[in-house]
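Here is the structure we will look at, set down as structure tokens.
Nothing in this text is a laboratory measurement; each read-out follows from the coordinates by a stated rule. Just so it is clear, the model here is predicted, and its values are computed rather than measured. Here Cβ is always computed from backbone atoms with ideal geometry, including for glycine, and neighbour counts include all displayed protein chains.
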Amino acid sequence: MQWRNAGGSGQLVSVLGLGTMTWGGDVDEEAAREQLRLFVEAGGTLISTAARFSDGQSEAVLGSLLGDLVARSEVVLAVSGGIPRHWSEGRLDASRKGLLDSLDASLSRLGTDSVDIWMAPATGANIPVEETLAALEYAYRSGKARYVGVTNYTGWELTRLCSTAGFPLSVHETEYSLLSRRPEDEVLPASDALGVGTLAWAPLGRGALTGKYRSQLPSDSRAASDEWAGYLEPYLSGRAARITEAVATAARGLELSPAEVALRWLLQRPTVASAVLGARTGAQLKELLACSLAPLPAQISEVLDEVSAPR
């Protein structure tokens, strides 16, 4: 497993991270234990979680495994804060109080005095930037978070925050893949200029870039369930399907899996420190962790750039 610095900070993270969005929900504690074991045995360090995942149960499951399966000091915890206001609205309370309350709750569930990276989420709510900065600064200066950052910000929001803060913001976690290249418009250029590292969630296009949905939806897949259908549907047809076919074609020519091609492409992009993987089973995660992440041949990378270029 390769490691990279998270932006301009001294924090090293594994280039493949472990996402825990479904832990405590679709992924029970036994399955989570297997995933964490496979991840650390492969040399992985970065674990991404959030106070809102499974209503806090994701962090609780992870906390129960730290110190048992792996020492706390051997992993890098990247935690997104914010307390849900109303699930039906899909909004988070990212006020200073909401953020700091969620930080204390996260620390309690994780069973630790501090996290390595703590991030404030973008909410779309009318929260003054000063409140977000006050919460991040408190977490940073109190030592409850060794490094701080944000999640799902636009480029101008990230620039405003960094230019206003009197302390360093090290990371930005955002969706980024061959099927979601919107961050290249302004987010990645801003991150590059500001020395902010990118943690890419859904690096496999919410599973579509593995190729498993090309012909039909497996009956046991998340895409076949009503709960996840809306999350995956935009990446299963039209232009997205054509990009997925191009990845599959490149994979056949290189004798690689489609997922390996997609990950290699992503990890060549500027500012990307880690691709955060979310797997449903240990077998899926094991296959992804076995990928060789050497750069793609330049010609293949250029073709994929062209095919997937944002309109």
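List the residues of the stretch 252-271 whose backbone N lies under 14 Å from a point placed 7 Å from the Cα of V307 along the Cα-to-Cβ direction.
Within reach of a label on V307, which here means backbone N under 14 Å from a point 7 Å along Cα→Cβ, the stretch 252-271 contributes 252-266.
Give me the lysines in straight-line cross-link reach of K97: C-alpha distance below 25 Å, same-chain residues under 8 apart excluded.
The reachable lysines, counting only those whose Cα sits under 25 Å from K97, are K144.
Compare the peptides 73-80, 274-281 by average per-residue count of other Cβ atoms within 10 angstrom and give them in order, highest first.
Going by the mean number of other Cβ atoms within 10 Å, highest first, we get 274-281, 73-80.
In terms of modelled amide H atoms, which long-range or inter-chain residues lie less than 5 Å from the amide H of L277?
G17, L18, G19
What is the stretch 1-52 by shape, rounded, prolate or oblate, if you read a ≥ b ≥ c off the alpha carbon gyration tensor as root eigenvalues and call it rounded for a/c under 1.5, prolate for a/b larger than b/c, and oblate otherwise?
It is oblate, given that a/c is not under 1.5 and a/b is not larger than b/c.
Mind listing P(r) for the chain? All alpha-carbon pairs, 20 Å bins, whole percents.
Values per bin, smallest distances first: 34, 60, 6.
Report, by chain and number, residues whose modeled amide H sits under 5 Å from the one on E173, excluding near sequence neighbours (fewer than 5 apart, same chain).
V150, T151, N152, L199
Using θ = phi - 60° and the Karplus curve 6.51 cos²θ - 1.76 cosθ + 1.60, what whole-Hz ³J(HN,Hα) does each residue of the stretch 52-61 get, with Gly and Pro shown as x?
Coupling constants for the stretch 52-61: 8, 5, 6, 6, x, 5, 4, 5, 4, 5 Hz.
Viscosity 1.002 mPa s, temperature 20 °C: give me the Stokes-Einstein translational D for the stretch 158-214 in µm²/s, with Rh taken as the Kirkwood radius over C-alpha pairs.
Taking Rh from Cα pairs, D becomes 172 µm²/s.
How many percent of the alpha carbon pairs in the stretch 256-311 exceed a separation of 16 Å?
Value for the stretch 256-311 (Cα pairs over 16 Å): 47 percent.
I need the shape label for the stretch 16-139. Rule: rounded when a/c is under 1.5, else prolate if a/b > b/c, else oblate, with a, b, c from the alpha carbon gyration tensor.
It is prolate, given that a/c is not under 1.5 and a/b is the larger ratio.
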